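The values are calculated or read from the model by the stated rules, or taken from the named source; none is laboratory data. Just so we're clear, the structure is a prediction, and the values are computed from it rather than from any experiment. Neighbour counts run over all protein chains shown; Cβ positions are idealised from the backbone, glycine included. Accessible surface areas use protein heavy atoms only, side chains included; no ligands, DNA or RNA. Shrake-Rupley method; radii C 1.70, N 1.55, O 1.52, S 1.80 Å.
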Amino acid sequence: MAMAGAVDLSVLKERAEAQRIAESRPASSSPQPSGADGTGGGAVIDVTEIDFEEQIVQRSLQQLVVVDLWAEWSEPSHQLSPTLAKLAGESGGRWVLARVNVDVSPRIAQAFGVQSVPMVIALVGGQPVAAFNGAQPEAEIRGWLDEIFAKAGHLLPEVAGGEPTDEPERDPRMVAAEELMNSGDIDGALDAYRAILALEPDNVEAKSVIGNLEFVTRAQAHDPAVVTNAEPGDVDAQLAAADVLLLGQRPDAAFDRIIEVIKLTRDEERGRARARLLELFELFDPAEPFVVAARRKLATALY
C-alpha cells in the first residue's frame, strides 16, 4: 500500500527509548547471516524494537529502507530474504535492507499491520511508500525497486552511492512545509501546504499531503475502543471506527464499515458517509485491489 502516514511509528519510538534504558538488545536469528556469503554486507541489517527508530525511520530520511518482515518458521521467508540481501548488496548503498523477525519484535509487525509473512515494506522519508507480500522472483523485485525510485527518488537527496540527477530543484515552499511536517509541527505544515494549494489548485503533491495529514490527525484523535463500541446506527461513531481501522492498516474493514452505514442510512447521513468513503479512497492508488473492490461494493450499496 502506498499510503503515507498510515502507520503510527511514534509508539515504537517511545518503546525503544524505554528499552534502551531497561535492557540490552535481544538476540535475533536470521534466514541468512548478513554478509556471510558476500551478498548482504553492510547493506543488510537486523533490526528490533530497540533500534527501530534509528535504523529504519531515521535512516529512511536519507536513503530508501526496505523492511523484510520475516519469521523463522516461514519457508517463503527463507526463499525471499537471500534474494533481497543480494539485491541490497548490489545496490552500492542506494538502499538498505532492514530485516525484522516478527516473533522477536511483534510490535513492529503490529505497527505495519502484518497479517502474513514474509511482508516487504519500502520506507522513504520516514513513511511507507510501497509493499508486497510473499516470496517474489528477483526480476519482479528489481522492477518494484525501480518504480519506487522513479516515483519517490526526489525525496532522497542524499542517497549513498546514488547517481546525480538532472531533476529541477524542488519548490522551496514545499521544502519548508515538509520540514515543518518532519519536525512534528503538523498544524504549521498543514497551513503551509494549504497556502500553496490556494495559489496552485492543481498542485497534486500539496493536495495529497494535506489529505494524508488531515486523515492522520483526525484518526489519532479517536478512541480506539470506538471500533468495538460503535452502535450500528451511530454514523459519527461508525465513521470514527473506520478511521481507526484504516490507521491500523485495515483498509478492507474500514471501507466495509462505511459501506454498511451507506446501506442503512438515507439522505444527508448517507451522503455524508459516501463523501467520507470517497475521501478515504483518495489516500490510495486507485488501482489498489482493496480500493477497486470497495468501489464495487459502494456501487452495489447505492444502486
accessible surface per residue for region 32-142, probe 1.4 Å, DNA/RNA/ligands not counted, whole Å² -> 36 Å²
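Mind jotting down a quarter of the surface of the convex hull over the alpha carbons of region 164-238, in square nanometres, one decimal?
On the way: hull surface 30.2 nm².
Mean projected area for region 164-238: 7.5 nm², to one decimal.
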For region 154-303, rounded, prolate or oblate, judged on the Cα gyration tensor with a ≥ b ≥ c (square roots of eigenvalues), a/c < 1.5 rounded, else prolate if a/b > b/c? prolate
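Counting Lys and Arg as +1 and Asp and Glu as -1, each charge on the Cβ, what is the dipole of region 175-298 about the Cα centre in debye, to the nearest 20? Intermediate results must be reported in sequence, preceding the final value.
Working: 14 positive and 24 negative charges, 138 e Å.
My answer is approximately 660 debye.
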Can you divide the C-alpha Rg of region 72-145 by 2.2 N^0.38 Å and report the result to two decimal places? 1.08
